[in-house]
Amino acid sequence: MQQLGHPFQGKKCARCRQAIENDPAFADDLWYHRTCLEEGTRALQNAQALAARYGFGAADSRPLEAPGGPA
């Protein structure tokens, strides 16, 4: 009889692509090592803070321009 394992067994981390042996985290329909998810979250927060500091908004907040620039 086959035992049921953890749902993350056989999965690879979406950030580092290494096999997940323990301490899994599941976010946005993807499996991560908990440390990889935390590092990725910190990196994203840092990038957003830098973007705000230097006056860049979210990528989808600016209106689209026609090819060739504004008329």
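The values are calculated or read from the model by the stated rules, or taken from the named source; none is laboratory data. Because the structure is a prediction, the values reported are computed rather than measured. Note: ideal-geometry Cβ built from the backbone for every residue, glycine included; neighbour counts use all protein chains shown.
Before moving on, here are some points about what is shown:
- Within the span defined as the stretch 59-71, every residue fails to be modelled with pLDDT under 95 and either in contact with a His (Cβ under 9 Å, 6 or more places away or on another chain) or surrounded by 10 or more Cβ atoms within 10 Å (Cβ to Cβ) (or both).
- No other residue among 16, 36 is surrounded by fewer than 15 Cβ atoms within 10 Å (Cβ to Cβ), of a type outside the set (D, E, K, R), at pLDDT 95 or above and within 12 Å of the chain's Cα centre (by Cα) apart from 16.
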